[in-house]
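The values are calculated or read from the model by the stated rules, or taken from the named source; none is laboratory data. All of these numbers come straight from a predicted model, not from anything done at the bench. Quick reminder, even Gly has a Cβ in these numbers, built from the backbone with ideal geometry, and neighbours come from all protein chains shown.
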Amino acid sequence: MTSRPAPPPTAVDPEQQPPADPIQQAGTPEEDWQTWPALRSLPGVAPLACLPAPRDRPPRVLVVAAHPDDEVLGFGGTIAVLAAAGIRVRLVSVTDGEASHPHSNTAAARNLAAIRTRELREALARLGAADVQSVALGMPDGKVTRHEQELSSRLAELLRDCDLCVAPFSQDLHPDHEAAGRAALAAGAARGVAVWEYPVWAWHWAAPGDGRLPWHRAARLPLPFAALERKRAALACFHSQIEPLGDRPGDAAILPPAELAYFRRDFEVIWR
Ligand SMILES: [Zn+2]
């Protein structure tokens, strides 16, 4: 997920300050989403029924993550469903997530890339997807926008033998998520492959019925009990994100329980 660092305090005229960053503001309680009937009424989609069946090979899905955990947060339950059905999944980690705690001085903060890569591997095993093909592009965490065109070319190459692309929401208000989403949309268009976008930060900054989200193309992916159990077990692997790195302010958990609650639901939502 990776936080977006708050800008350093400056002595500018308050009249001229940019609007507050919605990701830094308090998030929408999960209870608000749970009690919004329209969320449960979104059209349901069975991912296995949507996949084309190529004659010459098994179907394959390319799943893109800006940081090593986004794919589990937003799409992990469905990855478990796909893996259980023998669908081949190719996973792309755009960054190693090394900048999730930019203001921390703990040893863990300096080793975040290795820690987060290991956590993702453990999470994939808990999803029953230990044998997915993983591709790490090693782009700089927080600066994916600068490499968007290169990313789009890499994704177009990786999509060559895939039937569906799943990527972070291109309007998630986190610059890395948005750049990864836009790059995936461009790559999918170039290859003629459908792209599903999964929200992560939008659950935090949006509210039920929020006009900034494209509800007209939202769909709900129900998670069977076994997949939900696998996803919840996988979420528990991201210790560097769900627990504080230490006891200083820069060590705070990126995914405290109130944030994690969005991703423990028995369904996932995509825009298509
Ligand atoms: Zn992320």
Mind listing whichever residues of the range 22-57 are at pLDDT below 90 and outside any loop (DSSP other than H, G, I, E, B)?
-> 47, 48, 49, 50
Name the residue, out of 146, 160, that is touching a residue at least 24 places away in the same chain (Cβ under 8 Å) and either farther than 23 Å from residue 24 by Cβ or among the charged types (D, E, K, R) (or both).
-> 160
Report yes if some residue within the range 152-160 is within 16 Å of the ligand (Cβ to nearest atom), surrounded by 15 or more Cβ atoms within 10 Å (Cβ to Cβ), aliphatic (A, V, I, L, M) and under 19 Å from residue 65 (Cβ atoms); otherwise report no.
-> no
Filter result for residue 68 (outside any strand (DSSP E or B), more than 21 Å from residue 191 (Cβ to Cβ), more than 12 Å from the ligand (Cβ to nearest atom) and not acidic (Asp, Glu)) | no
Report whether or not residue 80 is part of a helix (DSSP H, G or I), within 16 Å of the ligand (Cβ to nearest atom) and within 19 Å of residue 232 (Cβ to Cβ).
-> no
Filter result (buried (at least 24 other Cβ atoms within 10 Å of the Cβ), of a type in the set (D, E, K, R) and under 15 Å from residue 272 (Cα atoms)) within the range 169-187 = 172
Can you name the residue in the range 83-124 that is of a type in the set (Gly, Ala, Ser), over 18 Å from the mean Cα position of the chain (by Cα) and not in a helix (DSSP H, G or I) and is also surrounded by the most Cβ atoms within 10 Å (Cβ to Cβ) among such residues?
-> 104
Restricting the range 125-144 to residues that are in a strand (DSSP E or B) and on the phi < 0 side of the Ramachandran plot, the residue that is nearest to the ligand (Cβ to nearest atom) = 139
Can you spot a residue in the range 147-154 that is hydroxyl-bearing (Ser, Thr, Tyr) and touching a Ser or Thr at 6+ places or on another chain (Cβ under 9 Å)?
-> no
Is it true that some residue in the range 130-146 is buried (at least 17 other Cβ atoms within 10 Å of the Cβ), of a type outside the set (Ser, Thr, Tyr) and out of contact with any helix residue (DSSP H, G or I) (no Cβ under 8 Å at 6 or more places or on another chain)?
-> no
A careful count of residues in the range 47-70 that are without any contact (Cβ under 8 Å) to a residue 24 or more places away in the chain and of a type outside the set (Lys, Arg) gives 3
Of all residues in the range 171-212, which are more than 13 Å from the ligand (Cβ to nearest atom), part of a loop (DSSP other than H, G, I, E, B) and in contact with a Lys or Arg (Cβ under 8 Å, 6 or more places away or on another chain)?
-> 171, 194, 206
